[in-house]
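Asks: Let me give you the structure first, and then I'll get to my questions.
The values are calculated or read from the model by the stated rules, or taken from the named source; none is laboratory data. None of the values given here were measured: they were computed from a predicted structure. Here Cβ is always computed from backbone atoms with ideal geometry, including for glycine, and neighbour counts include all displayed protein chains. Areas reflect the complete protein model, heavy atoms only, side chains present, ligands, DNA and RNA absent. Shrake-Rupley method; radii C 1.70, N 1.55, O 1.52, S 1.80 Å.
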Amino acid sequence: MSIIIKNESEIEKMRVAGKLAAEVLEMIEPYVVPGISTDELNTICHDYIVNTQDAIPAPLNYRGFPKSICTSINQTICHGIPCDKKLKNGDIINIDITVIKDGYHGDTSKMFCVGEVNPHAKRLVKITQEAMYIGIKQVKQGAKLGDIGQAIQKHAESNRYSIVREFCGHGIGKNFHEDPHVLHYGKAGEGETLEAGMIITIEPMVNQGKRHIKILGDGWTAVTKDRSLSAQWEHTVLVTEHGFEVLTLRQEEIGLI
Ligand code: MF3
Ligand code: CO
Ligand code: CO
């Protein structure tokens, strides 16, 4: 597969899909409290996407994934499967939402702090969000994918964290995952050149300890090998002539980036 450049009508559909994905994260926030199970969060999001948004939750049955969202708590890096496990005070959780609307995908995730979270966990969450924004700020026509990777890696590692290498961002459009692979580490000036009309996700996973991962027996859940905490944030981003447009921006981020 090669990188698909989107035309204006496709970009407009990606704006719609991106906005819907962002709105699911806004909708779910008040429910992310101690005592709720990740299955309950899954059901609320599923019903909202299907009934209110008239859209499709992309993860459901994607390569055998059994649920409509991913919920990754504490040492889980990504692809956590919603289940009857309940959130507890002090947890950090990533909720990753991908919706399909009119044939196009919007993909975004954020971290939620459940109740009172300790300062070390809060710092990990904050530095990871900053790493994503710093990566997004590299995006413009003519920049290289390696510019994004290096900027993200530098921010994480200079704060004594590590970058997960087994998962990366991706092109997105009619397909959930398209070319290119968007690595969250690397060297500035290396890799593909960005062109206006490309749409990619930037979704760094940052570990408090070492970068190494383990996949659990369910074949999906990725956890830190050393059981340290992990955080992730994700946006879907359009490359423009002079910069970028975040297609999954939430109200709370206006002015932040
Ligand atoms: N939303 C994830 C991503 O950012 C992919 C999840 S695949 C699933 O690329 F099958 F687990 F949903
Ligand atoms: Co993604
Ligand atoms: Co995602």
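Asks: Can you run down the residue pairs with Cβ atoms below 8 Å, 6 or more apart or on separate chains, where the first is in the range 72-83 and among the β-branched types (Val, Ile, Thr) and the partner is away from ligand 2 (no atom under 14 Å from the Cβ) and open to solvent by 20 Å² or more (accessible area, probe 1.4 Å)?
Replies: Matching pairs, first to second residue: Ile73/Lys85; Ile77/Ile213; Ile81/Pro66; Ile81/Lys67; Ile81/Asp218; Ile81/Trp220.
Asks: So is Tyr104 among the aromatic types (Phe, Trp, Tyr), within 16 Å of ligand 3 (Cβ to nearest atom) and open to solvent by 10 Å² or more (accessible area, probe 1.4 Å) or not?
Replies: yes
Asks: Hey, another quick one. If the Cβ limit is 6 Å and pairs must be 6+ apart or interchain, which residue in the range 84-107 that is within 24 Å of Asn51 (Cβ to Cβ) pairs with which residue that is charged (D, E, K, R)?
Replies: Sorted first by the residue in the range 84-107, then by its partner, the pairs are Asp84/Asp39; Thr98/Asp107; Asp102/Lys13; Gly103/Lys174; Tyr104/Lys13.
Asks: Residue by residue through the range 159-178, note down the ones that are closer than 24 Å to His120 by Cα, open to solvent by less than 30 Å² (accessible area, probe 1.4 Å) and within 16 Å of ligand 1 (Cβ to nearest atom).
Replies: Ile163, Val164
Asks: Collect the residues in the range 71-101 that are among the polar types (S, T, N, Q) and either within 15 Å of ligand 3 (Cβ to nearest atom) or over 19 Å from the mean Cα position of the chain (by Cα) (or both), keeping them in residue-number order. Please lay out each step first, then the result.
Replies: Taking the range 71-101 and keeping what is among the polar types (S, T, N, Q), we get 71-72, 74-76, 89, 94, 98.
Correct list: Thr71, Ser72, Thr76, Asn89, Asn94, Thr98.
Asks: Starting from the range 233-246, take each residue that is of a type in the set (Gly, Ala, Ser) and list its partners that are more than 16 Å from ligand 2 (Cβ to nearest atom) and open to solvent by 10 Å² or more (accessible area, probe 1.4 Å), counting only C-beta distances under 7 angstrom and pairs at least six apart or across chains.
Replies: Matching pairs, first to second residue: Gly243/Lys140.
Asks: Hey, does the range 54-64 have a residue that's outside any loop (DSSP other than H, G, I, E, B), more than 16 Å from ligand 1 (Cβ to nearest atom) and more than 19 Å from the chain's Cα centre (by Cα)? So that I can check it myself, show each step before the final result.
Replies: Our first condition is that a residue be outside any loop (DSSP other than H, G, I, E, B); within the range 54-64, this holds for 56-57, 62-64.
Of the ones still in play, those that are also more than 16 Å from ligand 1 (Cβ to nearest atom) are none.
Scanning the range 54-64 turns up no residue that is outside any loop (DSSP other than H, G, I, E, B), more than 16 Å from ligand 1 (Cβ to nearest atom) and more than 19 Å from the chain's Cα centre (by Cα).
Asks: Suppose we keep only residues that are in contact (Cβ under 8 Å) with a residue 24 or more places away in the chain and away from ligand 3 (no atom under 16 Å from the Cβ) within the range 108-121. Which one would you say is nearest to Leu20 (Cα to Cα)? Don't jump to the end; show me each part of the working.
Replies: Within the range 108-121, the first condition is being in contact (Cβ under 8 Å) with a residue 24 or more places away in the chain, and the residues that meet it are 108-112, 114-118, 120-121.
When the remaining residues are screened for being away from ligand 3 (no atom under 16 Å from the Cβ), the result is 114-118, 120-121.
Details: Val114: 24, Gly115: 26, Glu116: 29, Val117: 29, Asn118: 32, His120: 32, Ala121: 29 Å.
Here the residue is Val114.
Asks: Quick one: Glu12 ticks every box in (1) more than 17 Å from the chain's Cα centre (by Cα); (2) more than 23 Å from Lys174 (Cβ to Cβ); (3) open to solvent by 10 Å² or more (accessible area, probe 1.4 Å) except a single one, so which number is it?
Replies: Of the numbered conditions (1) more than 17 Å from the chain's Cα centre (by Cα); (2) more than 23 Å from Lys174 (Cβ to Cβ); (3) open to solvent by 10 Å² or more (accessible area, probe 1.4 Å), the odd one out for Glu12 is (2).
Asks: Ok, one more. Determine, yes or no, whether Ile127 is more than 23 Å from Gly171 (Cα to Cα), in contact with a Cys (Cβ under 8 Å, 6 or more places away or on another chain) and more than 16 Å from ligand 2 (Cβ to nearest atom). Spell out the reasoning first.
Replies: On the way: more than 23 Å from Gly171 (Cα to Cα): yes; in contact with a Cys (Cβ under 8 Å, 6 or more places away or on another chain): no; more than 16 Å from ligand 2 (Cβ to nearest atom): yes.
So Ile127 fails the test.
Asks: Taking the criterion of being in contact with a Cys (Cβ under 7 Å, 6 or more places away or on another chain) and not acidic (Asp, Glu), would at least one residue in the range 137-151 satisfy it? Please lay out each step first, then the result.
Replies: Initially, the range 137-151 is screened for residues in contact with a Cys (Cβ under 7 Å, 6 or more places away or on another chain), giving none.
There is no residue in the range 137-151 that is in contact with a Cys (Cβ under 7 Å, 6 or more places away or on another chain) and not acidic (Asp, Glu).
Asks: Looking at the range 78-94, which of its residues are hydrophobic (A, V, I, L, M, F, W, C) and either open to solvent by 10 Å² or more (accessible area, probe 1.4 Å) or away from ligand 2 (no atom under 13 Å from the Cβ) (or both)? Explain how you work it out, then say what you get.
Replies: Going residue by residue through the range 78-94, those that are hydrophobic (A, V, I, L, M, F, W, C) are 78, 81, 83, 87, 92-93.
Matches in the range 78-94: Ile81, Cys83, Leu87, Ile92, Ile93.
Asks: So, in the range 121-153, how many residues would count as being of a type in the set (A, V, I, L, M, F, W, C), in a helix (DSSP H, G or I) and closer than 15 Å to Glu192 by Cα? Show your work before the answer.
Replies: Pass one, the range 121-153, residues of a type in the set (A, V, I, L, M, F, W, C): 121, 124-125, 127, 131-132, 134, 136, 139, 143, 145, 148, 151-152.
Filter again for in a helix (DSSP H, G or I), leaving 121, 124-125, 127, 131-132, 134, 136, 145, 148, 151-152.
The next check asks that each one be closer than 15 Å to Glu192 by Cα; those that pass are 145, 148.
The qualifying residues number 2.
Asks: Quickly run through the range 179-228 and pick out the residues that are open to solvent by 10 Å² or more (accessible area, probe 1.4 Å), within 13 Å of ligand 1 (Cβ to nearest atom), within 18 Å of the chain's Cα centre (by Cα) and touching a residue at least 40 places away in the same chain (Cβ under 8 Å).
Replies: Glu203, Trp220, Thr221 - these are the residues of the range 179-228 that are open to solvent by 10 Å² or more (accessible area, probe 1.4 Å), within 13 Å of ligand 1 (Cβ to nearest atom), within 18 Å of the chain's Cα centre (by Cα) and touching a residue at least 40 places away in the same chain (Cβ under 8 Å).
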